[in-house]
Amino acid sequence: MLVVGFPTGAFQANCFLVAPGAGEPCVIVDPGQDAEEGIAAALREHRLSPVAVVLTHGHLDHMYSVTPVCDGNDIPAWIHPDDRYMLENPMRGLSAETARFFGPLTLREPREVRELDDGAKLDLAGLSFTVDHTPGHTEGSVTFRHRTDEGGQLLFAGDTLFAGSIGRTDLPGGSMERMTESLRKLLTLADDTVVLPGHGPTTTIGRERAGNPFLTGAIDLDRGRGRGL
């Protein structure tokens, strides 16, 4: 299995390309700001053919490049219906400060958009992903689970869970109560589950269970503020 990841844009949101191996079809996860060049370089280097983009949520730093990437490769974008509105109007999901940073933008949906359901199985590029609805950072946040042929499990966590932190809940559509429920769902996963978050380094469920202050009770979840755009 091949996973290529790199940070994108001013907010360093992680974009991933996932494939069974070099020279195979691939899935693109979260093509953020200025991601097009990095995606094109990875496609060339590993001889990959994209078949779909999947979005962990609708924030601008994770989907800024979704339309040119999808329409340029004639592939669909997958997003949870509760976040679909941000594809055309991302400012509705941002704080006033962040909206000023990006300035006025005119965006549109890709030509083909498909909606994600909680618990759905996505069979894409010869890989199977399980979709889990994990609201809290946004109303339509999701994670994608994939079990490798070797028996390990990968979790593309978006801005729900980071190494040492969690996604912030103070933006429009955020909810600490729903985030807490989503984190409880993730903590049912095996300790050796590899977490590929929306920002920052890779971690594991076991490492976060043991040392993430938002999960160990060192920070009061009702008052703590996580990371993300």
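Every read-out reported here was derived from the displayed coordinates using simple, explicitly stated rules and does not represent laboratory data. Quantities reported herein were computed from a predicted structural model and do not represent experimental measurements. Using ideal geometry, Cβ is built from the backbone for each residue, glycine included, and neighbour counts are taken over all protein chains shown.
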### Summary
For Thr180 and Arg44, extending 7 Å from Cα along the Cα-Cβ vector and measuring point to point gives, in nm, a value of 5.1 nm
### Task
Give me the percent of DSSP beta bridges within the stretch 1-69 that run antiparallel, rounded to the nearest 5.
65 percent
### Query
Do you know the relative contact order of the chain, to the nearest whole percent, from alpha carbon pairs under 8 angstrom that are 6+ apart?
16 percent
### Task
Please name which of Thr203, Ala22, Phe129 has its Cα lying farthest along the dipole of the chain towards the positive end, using unit charges on Cβ (Lys, Arg +1; Asp, Glu -1) and the Cα centre as origin.
Thr203
### Approximate spin-label separation Ala96-Asp117, in nm, with each point projected 7 Å along Cα-to-Cβ
4.1 nm
### Local net charge near Gly72, Cβ-Cβ under 13 Å (Lys/Arg +1, Asp/Glu -1)
-4
### Task
Compute the FRET efficiency between Ala190 and Leu105 as 1/(1 + (r/R0)^6), taking r as their Cβ-Cβ distance and R0 = 45 Å, and round to the nearest 0.05.
0.65
### Summary
Treating only Lys and Arg (+1) and Asp and Glu (-1) as charged, each at its beta carbon, one finds that the stretch 1-93 has a dipole about its Cα centre, in Debye to the nearest 20, of 120 debye
### Task
Mind checking which of Thr216, Leu187, Tyr64 is farthest towards the positive end of the stretch 2-216's charge dipole, using Cβ charges of +1 (Lys, Arg) and -1 (Asp, Glu) about the Cα centre?
Thr216
### Task
State the Cα centre-to-centre distance between the stretch 182-214 and the stretch 12-58 in whole Å.
23 Å
### Task
Take every DSSP beta bridge whose two residues both sit in the chain, then give the antiparallel share in percent to the nearest 5.
65 percent
